[in-house]
Amino acid sequence: AGGENIHFMRAESPGPSVEKLVPRIKTSSKMLYTIYFGMTLLMILLLLLGKMPLFDTLTLTFGTAGTGGFSVKNSGLADYTYYQQTVITIFMFLFGVNFNFYYLILLRKFKAAFKSEEVRWYFLIFSGAILLVSLNTGGFKGFFSSIHHAAFQVSSIMTTTGYSTLDYNQWPTFSKTILVLLMFIGACAGSTGGGIKVSRIVILFKSIGKELSYLLHKRSIKVLKFEGKKIQHETMRSINTYFVTYTFIFIASLLIISLDNFDFTSTFTAIAATINNVGPGLEAVGPTGNFGGFSDLSTLVMTFDMLIGRLEIFPILLLFTPDTWKK
């Protein structure tokens, strides 16, 4: 039973691989749930201290913790105070971190925690995106206001939460392009966020670097490592298969909903937003728009995309495999 449990755990893991924090999966799960609920309660407390109404606090906290992103107001989060928006920004970022990081922190293994390659890349991408968007949008409402809103939107999009404090459709093309790229990158593996995941992206680029190195130095032997460990062939094969399948589903979905004849930006980001579980895209499906104009067929396609984005691609595809239903 234990072997089957870890097998299914790997299939449903939101990332390229899965590691048990402790030998027993049940104990690992309890630890992760404890961290999750602890962070959720802390966010509730901080928002209540900021005088946010209880209903709003609970709804927005649950939307942040699960990176679901549903707001209770048509204006999104634009009507809340800077303090409240900042708290949500911070916790969106925190819930996008691999929960193994928090477990190591609780064990006071600070060195091991901060050596996490994925978390460091996550922070670098996050910080770099905020800086670039802030510089690009600095003339809108002042630089410090730009930093605030850039941090919120970068955190919201990268963690695939989907909240908004303004209509970023009005931002320059450069900033909107960064947001679209962040939709695909997503959060860390082992977090509540969606997207391709930072770990997969990092490993993919390392693989490209290895291939380029091999072309230049045929006799060189370069071992790919991630988090200080050798990347196993099984993991690399799984990532490559994931990218091929992801690309195929994305293109197929794009072609189908393009029949609705929306502009390309709306069509492309509608798929990007659904398959990566972000929520809002750009133009017609931006933060002030919705998906109501799409046909029933397109709605079904995007519903399927949201499911595979939330539950991972292969567990959903397995449902359509005859062998899955054999005793």
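The values are calculated or read from the model by the stated rules, or taken from the named source; none is laboratory data. All values reported here derive from a predicted model rather than from experimental measurement. As a convention, Cβ positions derive from the backbone with ideal geometry for all residues, glycine included, and neighbour counts pool all protein chains shown.
Scan the stretch 40-70 for residues that are over 21 Å from S191 (Cα atoms) and outside any helix (DSSP H, G or I) and report the count. Explain how you work it out, then say what you get.
Of all residues in the stretch 40-70, those over 21 Å from S191 (Cα atoms) come to 45-57.
After this cut, where a residue has to be outside any helix (DSSP H, G or I) as well, the list is 50-53.
Selection size over the stretch 40-70: 4.
Selection of the stretch 219-235 for residues being among the hydroxyl-bearing types (S, T, Y) and either under 23 Å from the mean Cα position of the chain (by Cα) or part of a helix (DSSP H, G or I) (or both) yields only T235. Close contacts from the stretch 22-33, counting a first residue that is under 14 Å from G190 (Cα atoms) and polar (S, T, N, Q) and a second that is at pLDDT 70 or above and surrounded by 12 or more Cβ atoms within 10 Å (Cβ to Cβ), with Cβ to Cβ under 9 Å and a gap of 6+ residues or different chains, come to S28/Y103. Which count do you get for residues in the stretch 38-69 that are among the aromatic types (F, W, Y) and surrounded by fewer than 14 Cβ atoms within 10 Å (Cβ to Cβ)? So the count comes out to 1.
From the list G68, G76, the one residue that fits, being touching a residue at least 60 places away in the same chain (Cβ under 8 Å) and over 27 Å from K30 (Cβ atoms), is G76. I'd like to check something: does the stretch 76-92 contain any residue that is out of contact with any Cys (no Cβ under 7 Å at 6 or more places or on another chain) and under 11 Å from C188 (Cα atoms)? So far as the stretch 76-92 goes, no, none of its residues is out of contact with any Cys (no Cβ under 7 Å at 6 or more places or on another chain) and under 11 Å from C188 (Cα atoms).
Quick check: anything in the stretch 236-259 touching a Lys or Arg at 6+ places or on another chain (Cβ under 6 Å), among the β-branched types (V, I, T), surrounded by 13 or more Cβ atoms within 10 Å (Cβ to Cβ) and closer than 24 Å to I157 by Cα? Yes, the stretch 236-259 contains a residue that is touching a Lys or Arg at 6+ places or on another chain (Cβ under 6 Å), among the β-branched types (V, I, T), surrounded by 13 or more Cβ atoms within 10 Å (Cβ to Cβ) and closer than 24 Å to I157 by Cα.
Screening the candidates S238, S156 for the property of being outside any loop (DSSP other than H, G, I, E, B), over 27 Å from P280 (Cα atoms) and either out of contact with any Ser or Thr (no Cβ under 6 Å at 6 or more places or on another chain) or hydrophobic (A, V, I, L, M, F, W, C) (or both) yields one hit, S238.
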